[in-house]
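Chemist: This is the structure I want to talk about, given as structure tokens.
What follows is calculated from the coordinates using simple rules that are stated; it is not laboratory data. Remember, it's a predicted structure, so these values are computed and weren't measured experimentally. So basically every Cβ, Gly included, is an ideal-geometry build from the backbone, and we count neighbours across all protein chains shown.
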There are 2 protein chains.
Amino acid sequence: MSEPRLVEVRKNVLKQNDLCARDLRRRFRDAGITVVSLVSSPGSGKTAFLEQTLTMLQPRHRVAALVGDLATENDAARLARSQAPVKQIVTGTVCHLDAAMVRAAIDFWLPDRLDFLFIENVGNLVCPSAFDLGEHLRLVLLSVTEGEDKPLKYPTIFNTADVAILTKLDLARAVEFDAPLCERNIHIVLPGMRVLKVSAKSGEGMDAWLEMLSSLRAECRATYSG
Amino acid sequence: MSEPRLVEVRKNVLKQNDLCARDLRRRFRDAGITVVSLVSSPGSGKTAFLEQTLTMLQPRHRVAALVGDLATENDAARLARSQAPVKQIVTGTVCHLDAAMVRAAIDFWLPDRLDFLFIENVGNLVCPSAFDLGEHLRLVLLSVTEGEDKPLKYPTIFNTADVAILTKLDLARAVEFDAPLCERNIHIVLPGMRVLKVSAKSGEGMDAWLEMLSSLRAECRATYSG
């Protein structure tokens, strides 16, 4: 097997990605935008959570979203219901977004005077972890239906994220979800990681999430003007 | 970005994988083993479904399982409760199993006179699709909590599988799962694909699945002796 050569080429790709992400971060800074990315398995509820977030932020902030997907534009259509500008990145067979895809998307599409740009990655708990997208905050979402052991089984995606969001809290009882066990497993992988529990359906936990976003925005603005 | 070079190296890796898978298929034939692989997102219930399958087959068949995982041996420990021989393949940061990993595992571990070998892939709805593991039947599992649109969003993994298994049927009502819509989406991607609906928890649908396995076993035996 030619794995070693593949590993070498991958290293090169990742290095170029880091350079591109650094450039993106500079552009976001110049434009005064706070950027949040979301990773998770397929079906963890990224789109529902993001739709709710966009809807709740809109009265007071200018927001937009980029959405990565292999094949369809379903997610972009769902997010567009929030009235926020949304652009889809169709990745074909590529299992993750990279910084160059984000750059290509915003070169021709970036609404003026944005406060927040959200980037929803392809549903995949493995491959997106390696690719810096120039974001300020990376969320890893985990639904209560997936099982408490996932942080131990997919440690890299938790390690490389900033905040863990436990979604579909409304189903916690039906699946006998053990939240303290799940949080313990998250903290084995990344001690001190901040964990939020939400339900986009019932709205539970969304206020705490919006507060976190406000603090992040204030930090970004202080850094940008500093 | 050096994507074109990466694509070229990947093609080479896949070609070598196909050769290795062909060799595996010959070895499975010589040993008279029927091989079934399972792919799905993290948390779709592969391990619960497989544990139940191993337990139900054991009275009449010799069965064993290989389990791919990035980091932990949790799944192997769960499957071992079925009393079947189980071997873990720890993939590190690799997001899928390939034929060489399967070959390396069975070179030093393959119980005598097996009827069925199950191979549980890493939880990932994208990358495992490209890698032939020498199996006779590939299952793609999708839990009712993940949403009816997943076949359209991850078409390649459905295209490259033989049978779709809708899992966690006991939660269908709680999540308002629309089974006919999901089946329609599966058949848009792969017309005529066989779909089974199961709950490893309640046992619903497991008999139909075991019947399918019996037919597969009979086909394999006919082919092997032919």
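Chemist: Between B:Asp115 and residues 5 or more places away or on another chain, which pairs have amide H atoms under 5 Å apart, with H built 1.01 Å from N, and which residues are they?
Modeler: Excluding prolines and chain starts, which carry no amide H, the hits are B:Arg62, B:Val63.
Chemist: To one decimal in nm, how far is B:Ala179 from the same spot in the other copies, if labels go 7 Å from Cα toward Cβ? Please give the shortest first.
Modeler: So the distances to the same position in the other copies read 3.2 nm.
Chemist: Take every Cα pair under 8 Å in chain B that's 6+ residues apart, average their separations, divide by the length, and report that relative contact order as a whole percent.
Modeler: Dividing the mean separation by the residue count of chain B yields 23 percent.
Chemist: When each copy gets a label point 7 Å from Cα toward the beta-carbon at A:Gly92, what are the spacings between them in nm, shortest first?
Modeler: Computed spacing set for this position: 2.8 nm.
Chemist: Using the structure shown, select from B:Lys87/B:Lys150; B:Lys46/B:Lys153; A:Lys15/A:Lys197; A:Lys15/B:Lys150; A:Lys11/A:Lys87 the pairs with a Cα to Cα distance greater than 26 angstrom.
Modeler: Over 26 Å apart, Cα to Cα: B:Lys87/B:Lys150; A:Lys15/A:Lys197; A:Lys15/B:Lys150; A:Lys11/A:Lys87.
Chemist: Taking loop as defined by DSSP and a crowding limit of 10 other beta carbons within 10 Å, which trypsin sites (Lys or Arg not before Pro) in the range A:79-187 fit?
Modeler: Answer by residue number: A:Arg113, A:Arg173.
Chemist: Sticking to Cα atoms, compute the Rg of the range B:3-225 to one decimal and its Dmax as the biggest Cα-Cα distance, whole number, in Å.
Modeler: Answer for the range B:3-225, Rg first and Dmax second: 16.9, 52 Å.
Chemist: Report, in deg cm²/dmol and to the nearest 500, the calculated mean residue ellipticity at 222 nm for the protein assembly as shown, where each DSSP H run with n ≥ 4 adds -39500 (n - 2.57) and the sum is divided by the residue count.
Modeler: Mean residue ellipticity at 222 nm (helix-derived): -13500 deg cm²/dmol.
Chemist: Shifting gears a bit: For the range A:6-59, what are the per-bin percents of Cα-Cα distances with bins 5 Å wide, up to the bin holding the maximum?
Modeler: Per 5 Å bin, starting at 0, the Cα pair percentages come out as 4, 14, 13, 14, 17, 19, 11, 4, 2, 0.
Chemist: State to the nearest 20 debye the size of the charge dipole of chain B about its Cα centre, where the only charges are +1 on K and R beta carbons and -1 on D and E beta carbons.
Modeler: Computed about the Cα centre, the dipole is about 480 debye.
Chemist: At 37 °C and 0.692 mPa s, what whole-number value in µm²/s does Stokes-Einstein give for the translational diffusion of the range A:123-226, with Rh from the Kirkwood sum over Cα pairs?
Modeler: 224
Chemist: Any idea what the dipole of the protein assembly as shown comes to, in debye rounded to 20, about its Cα centre with Lys/Arg Cβ at +1 and Asp/Glu Cβ at -1?
Modeler: 580
Chemist: Please provide three numbers in whole Å: the alpha-carbon extents of the protein assembly as shown along the principal axes, with the largest listed first.
Modeler: If we take the Cα atoms of the protein assembly as shown, the spans are 75, 48, 42 Å.
Chemist: Further question on the same structure: Let me confirm one metric for peptide A:210-221, namely the mean number of other chain beta-carbon atoms within 10 Å of its residues' beta-carbons.
Modeler: That average works out to 0.
Chemist: Mind listing the label-point distances from B:Asp112 to the same position on all other copies, shortest first, one decimal in nm, points 7 Å along Cα→Cβ?
Modeler: Label-point separations across copies, in nm and ascending: 8.0.
Chemist: Setting aside same-chain residues fewer than 8 positions from B:Lys201, which aspartates and glutamates have a Cα under 19 Å from its Cα?
Modeler: A:Glu146, A:Glu148, A:Asp149, A:Glu176, A:Asp178, B:Glu51, B:Asp75, B:Glu120, B:Glu146, B:Asp170, B:Glu176, B:Glu211
Chemist: Just going by the charge dipole of chain A, with Lys and Arg at +1 and Asp and Glu at -1 on Cβ, which of A:Val195, A:Ala130, A:Thr72 is farthest out on the positive end?
Modeler: Of A:Val195, A:Ala130, A:Thr72, it is A:Ala130.
Chemist: With every atom except the alpha carbons ignored, what do you get for Rg and Dmax of the range B:20-149, in angstroms?
Modeler: For the range B:20-149, the Cα radius of gyration and maximum Cα-Cα distance read 13.8, 42 Å.
Chemist: Per residue of A:40-52, count partner chain C-beta atoms within 10 Å of its C-beta, then hand back the mean as an integer.
Modeler: 4
Chemist: Another one. Using only the alpha carbons, work out the radius of gyration and Dmax of the range B:110-182 in angstrom.
Modeler: 14.3, 45
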